[in-house]
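Structure, as structure tokens:
Where a number appears in this text, it was derived from the coordinates with a stated rule and is not lab data. Every value quoted in this text rests on a predicted model; they were computed, and no experiment measured them. Positions of Cβ are backbone-derived with ideal geometry, glycine not excepted, and every protein chain shown enters the neighbour counts.
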Amino acid sequence: LDPEAASGSIMRKAADPGTAGAFVGITNDVTNFGTLTQTNMEYTSSTVVQSNTNNVAQNTNDNEILRIEVVMTNSCDALNATLFSLNTTGTSDPTDGITTSKIYYTGTSSTFATTTLFGSRATPNGAYIIAGSATLSEGTNYFWLTYDVPVTATSTTLLDAECTAITIDGVGQSTPTAEPYAGSRTVGITNINS
């Protein structure tokens, strides 16, 4: 988006405007005060991190799989993240270990939370997308891919993922760095006596 030209006036308030003296050094229709420009938000980069590789219990929801960082500069005319292209690469058996894949958005906070759901996809297997809308802020924006794991998940099933593209309105698709990712999470056994 191009910046829009701005115009305006400098006013001097006086008790009797008709007798207000001239501004020293300012000539009507000659003195230039410079140009006012608007710097719109721009996409800078995106990175995917696998920050949690601890075992995952059966019959649990919102298990962190990936942290997706989207870096933006400037704040005027904020843009929205609208779509994440993902796949279950690295998961040993998606039909066994994943009931739902979700993306949460925590804004510029790097602490995982399930407060703001961006979108979800039931029974992902292979390539899939999650659509939604999140208004981005200047700086690093944090998104979190999670899996819900069924009670029937086989112990030792590996859980993993890739984020292959992020779509931002006004920018289009961008490919995050750090593909593929090291590590995965493993389904453990739930203690049914607890």
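Some points to look at:
- Residues of the stretch 154-178 classified as surrounded by fewer than 17 Cβ atoms within 10 Å (Cβ to Cβ), among the hydrophobic types (A, V, I, L, M, F, W, C) and farther than 26 Å from ASN80 by Cα, total: 1
- Members of the stretch 161-176 found to be in contact with a Pro (Cβ under 9 Å, 6 or more places away or on another chain) and not in a strand (DSSP E or B), listed by number: ALA161
- Residue ID - farthest from CYS163 (Cα to Cα), chosen from residues in the stretch 40-56 that are of a type outside the set (Ser, Thr, Tyr) and surrounded by 18 or more Cβ atoms within 10 Å (Cβ to Cβ): MET41
- Those strands (runs of 3 or more DSSP E) lying entirely in the stretch 85-150 with at least 3 residues under 15 Å from VAL70 (Cβ atoms) and under 18 Å from the mean Cα position of the chain (by Cα): 100-105, 127-135, 139-149
- Residues of the stretch 126-153 that are exposed (fewer than 13 other Cβ atoms within 10 Å of the Cβ), free of Cβ contacts under 8 Å to residues at least 60 places away in the same chain and within 21 Å of VAL56 (Cβ to Cβ): GLY126 alone.
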